[in-house]
Amino acid sequence: MQSSIESYLDAYKAHMKSGNTYAVASSSMYNNCCLWSGKELNAVVDSMKDTMKESKYHKNFVVLTLMMPMFRVALRLIGQSDAPASQQDNLTNAFGETFNEGDNAGKYATLLHTMYFAKLSEALLFRELNEAEDAAEKYFSADRCGFLSPVMFFGKFYSGLVSFWVARETNDRKQELTKWKWMKRGAECKDKMEKLSVSASTWNFENSECRIFHVVISFSIFISYSLIFTTAFTELYLLQAEEQFSSRNFERAERLYDAAILSSKVHKFVNEEALANELAGHFYLETGRRNKSVHYFSRAFDKYNEWGAVAKASSLTEYF
C-alpha cells in the first residue's frame with residue numbers, strides 16, 4: 001500500500017487543476033492510507049485537519065463524514081481525544097445545523113462501514129472488549145458492500161482480530177454457540193486474506209502493490225478508490241496466530257506471531273509491528289509466560305511511540 005499512497009496526492013492535484021471540488025476525496029483516501037500504513041501520526045492528523053477544512057468549505061459532507069471517525073481514532077492514539085473543540089479547530093463538533101454526521105452515515109453503506117470500523121479498531125487497540133464486540137457485531141451486520149476499499153480491507157483484518165479475541169473470552173459452556181459464532185467470523189476474515197494471498201503473485205503480495213479502480217459513490221460523486229488485493233502478509237500471519245491461540249495450538253501460534261512481527265518489520269509497517277508485538281505479549285501473558293511477554297510488550301511500547309501513538313504506548317506500561 002505504501003507504494004500507492006502518493007498516487008492519491010497526484011490525483012488530488014489533477015482534480016484541483018481541473019476545478020473538480022471532489023478532489024478532497026483523493027485527499028481523504030491519502031490520509032486513511034497514511035494512517036493505516038504507519039505514517040507518523042502527528043503529520044497524519046495535521047493532514048486530516050487540512051482535508052476536513054477543505055471538505056467543510058466545499059460542503060462535501062460525505063467525505064467529511066468518512067474522515068471524522070478516523071480522525072478521532074488518530075486523536076486518541078496521540079493522546080488528544082479529550083482535547084476541547086478549540087484545540088481541534090472546531091472540526092469534530094461545531095458544524096451547526098448544516099451537518100449531521102449520523103444522518104449522512106445512514107445514507108451510504110460505505111460510511112456505516114467506516115464508522116463501525118473506526119470504533120472496533122479503536123476498541124481493539126485500547127483493549128476495550130465490550131466496545132469491540134458491540135462495534136464488530138454492527139460491522140458484520142452492515143457488511144454488504146461489494147467492492148474493496150482500504151477501510152473495507154482493514155475492516156476485515158481488525159474485525160477478524162476482534163472475533164478471535166471475543167471467542168477466547170467466551171468461556172462459559174452455556175455460550176458455546178456464541179463462541180463458535182465468533183470463531184467462524186474470525187476464520188472467514190482470515191480465509192479472505194488467504195484468498196488474496198493466492199490470487200496475487202508472491203512478488204506483488206509481498207511488495208504491497210495495488211490496482212486502482214474507479215467507483216461511483218453517488219449520482220454526482222466520482223471517487224477513486226484503491227482496491228487492495230494485497231497485504232504485507234502481516235495481517236494474514238497475525239490472523240492465523242490469533243486463530244491458533246484461540247484453538248490452543250500454542251506452538252504454531254508462537255511461530256506465526258514471530259512471522260507477523262518479522263513481516264511487518266521487513267515491510268516497514270511500524271504500526272503493525274507494534275500491534276503484532278502487543279498481541280504476542282498478550283498471548284504469552286495469557287498462557288502463563290509473563291517473563292516472556294515483557295519482551296514483546298516492551299517492543300510494542302517502542303514501536304507505538306515511533307509511530308506517534310504515545311497514548312496507546314502509555315497504556316502498555318502496566319505489563320512491564
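Report the net charge of residues surrounding residue 287, where surrounding means a beta-carbon distance below 10 angstrom and charges are Lys +1, Arg +1, Asp -1, Glu -1.
+2
In nanometres, what is the gap between the two model label sites at residue 176 and residue 42, each 7 Å from Cα along Cα-to-Cβ?
That separation, rounded to one decimal, is 5.4 nm.
First measure r as the distance between the Cβ atoms of residue 258 and residue 286, then evaluate 1/(1 + (r/R0)^6) with R0 = 22 Å and state the FRET efficiency to the nearest 0.05.
In this case the efficiency is close to 0.80.
Under a crude label model (7 Å from the Cα following the beta-carbon direction), how far is residue 295 from residue 53 in nanometres?
Rounded to a tenth, the inter-label distance reads 4.7 nm.
Every read-out reported here was derived from the displayed coordinates using simple, explicitly stated rules and does not represent laboratory data. Remember, it's a predicted structure, so these values are computed and weren't measured experimentally. Because the Cβ atoms are built from the backbone with ideal geometry, glycine has one as well, and the counts that use them run over all protein chains shown.
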